[in-house]
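In what follows, a structure is listed as structure tokens, so that the remarks can point back to it.
What follows draws every value from the coordinates through simple rules; no lab data is involved. Note that the coordinates shown come from a computational prediction; the quantities given were computed from them, not determined experimentally. Cβ coordinates were reconstructed from backbone atoms using ideal geometry, including for glycine residues, and neighbour counts include every protein chain displayed.
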Amino acid sequence: MNTQGKVFKYPDNVDTDVIIPARYLNTPDAKELALHCMEDIDESFVNKVKAGDVIVAGWNFGCGSSREHAPLVIKTCGTGCVIAKSFARIFYRNAINIGLPILECEEAAEEIKADEQVHVDFDTGMIRNITTGKTYKAQPFPDFIQNIIKAGGLLKALKEGEADD
């Protein structure tokens with residue numbers, strides 16, 4: 001499984017209230033919620049993001065509340081992957097549960113710049129900055145977690161019988 005796209009770069013401690021502001025949580029419609037993804041930190045994100053694009057961030061991405069809507073809106077926008085120096089643990093688990101690919105790679109998160117093009121291979125953990133030619137190695141998920149992400153989330157994987165491989 002791979003993704004390739006333009007980088008949207010964010011700082012340390014991007015919290016779930018920034019990813020999806022609480023004022024919009026009165027709808028259960030993921031597509032409607034996704035229209036407000038990242039708007040408090042980057043008003044243009046939802047108008048510029050394309051399928052496969054990559055969010056690159058610093059430490060503690062997804063901190064704050066345990067809001068499962070945060071990874072859901074990122075995925076619903078078409079974002080192919082989030083690469084960060086680290087993730088808040090509840091965001092990390094919620095991302096896997098809904099099938100949003102995430103990778104921790106301090107060096108990549110530090111060096112990759114906004115608007116550069118990157119290619120991510122989830123099977124190997126290789127991140128290639130197409131713009132600069134530099135490659136980075138993140139720890140790939142074990143097969144059972146890759147199966148959850150490929151299925152589109154934990155519940156879908158359980159229905160398909162793939163989460164227990």
> Given a cut-off of under 8 Å on Cα pairs at least six residues apart, what relative contact order in percent is computed for the stretch 1-160?
Replying inline: 24
> With θ set to phi - 60° and the Karplus curve 6.51 cos²θ - 1.76 cosθ + 1.60, what are the ³J(HN,Hα) couplings of the stretch 75-86 in order, to the nearest whole Hz, using x for Gly and Pro?
Replying inline: 5, 5, 5, x, 4, x, 5, 10, 10, 9, 5, 7
> Rounded to two decimals, what ratio of Rg to Rh does the stretch 53-95 give with C-alpha atoms and a Kirkwood Rh?
Replying inline: 0.93
> In Å, the Kirkwood hydrodynamic radius of the stretch 83-161 over pairs of distinct alpha carbons?
Replying inline: 13.2
> Between Ser66 and Ala22, what is the spin-label point distance in nm, taking each point 7 Å from the Cα along the Cα→C-beta axis?
Replying inline: 1.6
> Ala138's amide H: which non-local residues (gap 5+, or another chain) put their own amide H closer than 5 Å, with H modeled 1.01 Å from N in plane and none for Pro or chain starts?
Replying inline: Met126, Ile127
> Using the Karplus equation 6.51 cos²θ - 1.76 cosθ + 1.60 (θ = phi - 60°), what ³J(HN,Hα) coupling, rounded to whole Hz, does each residue of the stretch 54-60 give in order, writing x for Gly and Pro?
Replying inline: 10, 8, 10, 9, x, 6, 6
> Glu106 versus Thr124, label points 7 Å from Cα toward the beta carbon: distance in nm?
Replying inline: 2.4
> If you build the Cα gyration tensor of the stretch 7-73 and take the root of 5 times each eigenvalue, what three semi-axes come out, in whole angstrom, biggest first?
Replying inline: 17, 15, 10
> Using only helices, what value at 222 nm comes out for the chain when you add -39,500 (n - 2.57) per DSSP H run of length 4 or more and divide by the total residues, to the nearest 500 deg cm²/dmol?
Replying inline: -8000 deg cm²/dmol
> Hey, any idea what the orientation-averaged projected area of the convex hull of the stretch 36-122's Cα atoms comes to, in nm²?
Replying inline: 5.3
>> If the only charges are +1 at each Lys and Arg Cβ and -1 at each Asp and Glu Cβ, what is the size of the charge dipole of the chain around the Cα centre, to the nearest 20 debye?
In response: 200
>> At 0.890 mPa s and 25 °C, plugging the Kirkwood radius over alpha-carbon pairs of the stretch 114-158 into Stokes-Einstein gives what diffusion coefficient in µm²/s?
In response: 209
>> Please report the antiparallel percentage of DSSP beta bridges with both residues in the chain, rounded to the nearest 5.
In response: 50
> Along the charge dipole of the stretch 36-150, Cβ charges K/R +1 and D/E -1, which of Ile127, Tyr92, Phe144 sits furthest on the positive end?
Replying inline: Phe144
> In µm²/s, what is D for the chain at 37 °C and 0.692 mPa s, where D = kT/(6 pi eta Rh) by Stokes-Einstein and Rh is the Kirkwood radius from Cα pairs?
Replying inline: 211
